[in-house]
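Student: Just dropping this structure here.
The values are calculated or read from the model by the stated rules, or taken from the named source; none is laboratory data. Predicted, not measured: the structure shown is a model, and the values here were computed from it. Neighbour counts run over all protein chains shown; Cβ positions are idealised from the backbone, glycine included. Heads up: the accessible areas ignore ligands, DNA and RNA and are worked out on the full protein's heavy atoms, side chains in. Shrake-Rupley method; radii C 1.70, N 1.55, O 1.52, S 1.80 Å.
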Amino acid sequence: MSNNGLKSGSNLEKVLKAGHFAFTGECGPPKGANVEHLKEKFEHLRGKVDAVNVTDNQTAVVRMSSAAASAIMVANGIEPNFQMVCRDRNRLAMMADVLGVYSLGVRNMLCLSGDHQKFGNHPQSKNVYDLDSMQLIAMVKKMRDEGKFINDEDIDVPPKMFIGAAANPFADPYEFRIYRLANKIDAGADFIQTQCIYNMPRFRDFMKQAVDMGLTEKAYILAGVTPMKSARMAQYMAKMVPGMDVPEELIERLKGAGKGNQAEEGIKFAIEQIEEFKEMAGVSGVHLMAIEWEHKVPEIAERAKVLPRPQID
């Protein structure tokens, strides 16, 4: 363990360890080498969130590398949560990238499987999946805690990462979801960010199971929130996005708001969710994924009463 029992010393880790309700954001790197565009997006999040997820070729669409975008954030005084997917790299490249981003100041990482390439804009590309997300979590933990590579050779300066994983409480088979979460925590996940939540009764049930199984004692769970911009977006997510559970009554609620007011209604629902998550047993924070809506984050944070963010030395 590094300084005073911290695993990585990241701001996100300190906020969670101190018992504050964490609030993280997200930023997709540009489809190009447009650094100015990246900076413009993350400036909206400065001071409003504890860390910013940097996506890794999300939906299998080519973007600036998450490692480079994370390094640019570090250089600009914003804490990234570097995402890594198993789809695009073998274990050599994964270990090299973990060492690389750590050397550039990155202290949080999220370990993901990655969407299959057939969903993206290069469906003919070859995927790798040398390791799965469980093995990736275990690999980073071994590198950090044992100072060893997968082959048991010693690492010269181990990467002290705060290790994250994703959980989808809604995919089928639903009964298995909680055990998959348990396996990720056993593999070494320090924190969990969930898929965006719309079906609140189902999520309450999932969290109750997590608390009853003692999982929330071992890892911090951040509930995923994506504000809906319109009833059309809600219908699209309900039909087209795998493992997404959008109740019909939410779609009706957005429709009922009428033209021009649907985005506001979507934000209202997101704020109601955040207020409930603050009180929900076992939930340690919220991960706000305002996809291409970063400029709305300050307003949402303000209205959800999660500002100012804690400053921890």
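Student: Are there any pairs, at least 6 apart or on different chains, whose C-beta atoms fall under 9 Å, with the first in the range 183-195 and within 12 Å of residue 140 (Cβ to Cβ) and the second buried (at least 22 other Cβ atoms within 10 Å of the Cβ) and acidic (Asp, Glu), and if so, which?
Tutor: 190/13
Student: Anything in the range 97-115 that is open to solvent by less than 60 Å² (accessible area, probe 1.4 Å) and among the aliphatic types (A, V, I, L, M)? List them, or say none. Before you say what the answer is, go through the steps one by one.
Tutor: Step one: of the range 97-115, the residues open to solvent by less than 60 Å² (accessible area, probe 1.4 Å) are 97-102, 105-106, 108-114.
Listed by number, the residues that qualify are 98, 99, 101, 106, 109, 110, 112.
Student: So which residues in the range 289-311 are assigned to a loop (DSSP other than H, G, I, E, B), under 19 Å from the mean Cα position of the chain (by Cα) and of a type in the set (Lys, Arg)?
Tutor: Within the range 289-311, 309 is the sole residue that qualifies.
Student: Condition first: under 17 Å from residue 43 (Cβ atoms), open to solvent by 20 Å² or more (accessible area, probe 1.4 Å) and in contact (Cβ under 8 Å) with a residue 24 or more places away in the chain. Now tell me which residues in the range 292-307 satisfy that. Outline the logic, then answer.
Tutor: If we filter the range 292-307 for residues that are under 17 Å from residue 43 (Cβ atoms), which is where we start, we get 292-302, 307.
Okay, now just the ones that are also open to solvent by 20 Å² or more (accessible area, probe 1.4 Å), so 292-293, 295-296, 298-299, 302, 307.
292, 293, 295, 296, 298, 299, 307 - these are the residues of the range 292-307 that are under 17 Å from residue 43 (Cβ atoms), open to solvent by 20 Å² or more (accessible area, probe 1.4 Å) and in contact (Cβ under 8 Å) with a residue 24 or more places away in the chain.
Student: If only one of 105, 164 is within 21 Å of the chain's Cα centre (by Cα), within 22 Å of residue 25 (Cβ to Cβ) and in a loop (DSSP other than H, G, I, E, B), which one is it? Before you say what the answer is, go through the steps one by one.
Tutor: Values: 164 fails: in a loop (DSSP other than H, G, I, E, B).
The conditions single out 105.
Student: OK, next. Sort through 207, 213, 233, 228 and tell me the only one that's surrounded by fewer than 18 Cβ atoms within 10 Å (Cβ to Cβ), of a type outside the set (Phe, Trp, Tyr) and over 17 Å from the mean Cα position of the chain (by Cα).
Tutor: Testing whether each residue is surrounded by fewer than 18 Cβ atoms within 10 Å (Cβ to Cβ), of a type outside the set (Phe, Trp, Tyr) and over 17 Å from the mean Cα position of the chain (by Cα) leaves just 213.
Student: Also, I was wondering about something else. Within the range 194-204, how many residues are aliphatic (A, V, I, L, M) and either under 18 Å from residue 183 (Cβ atoms) or open to solvent by 10 Å² or more (accessible area, probe 1.4 Å) (or both)? Walk me through it before giving the result.
Tutor: So in the range 194-204, the residues aliphatic (A, V, I, L, M) come out as 197, 200.
This time we only want the ones that are either under 18 Å from residue 183 (Cβ atoms) or open to solvent by 10 Å² or more (accessible area, probe 1.4 Å) (or both), so: 200.
Count: 1.
Student: Looking at the range 198-211, can you tell me whether even one residue there is assigned to a helix (DSSP H, G or I) and within 24 Å of residue 27 (Cβ to Cβ)? Spell out the reasoning first.
Tutor: Keep residues of the range 198-211 that are assigned to a helix (DSSP H, G or I), which gives 200-211.
Subset that is within 24 Å of residue 27 (Cβ to Cβ): none.
So far as the range 198-211 goes, no, none of its residues is assigned to a helix (DSSP H, G or I) and within 24 Å of residue 27 (Cβ to Cβ).
Student: Checking residue 286 against (1) closer than 30 Å to residue 160 by Cα; (2) outside any strand (DSSP E or B); (3) open to solvent by less than 20 Å² (accessible area, probe 1.4 Å); (4) out of contact with any Ser or Thr (no Cβ under 6 Å at 6 or more places or on another chain), which test does it fail?
Tutor: (2)
Student: Oh, and also: Only one of (1) touching a residue at least 40 places away in the same chain (Cβ under 8 Å); (2) farther than 30 Å from residue 217 by Cα is not met by residue 53, so which one is it?
Tutor: Here residue 53 meets the rest and fails (2).
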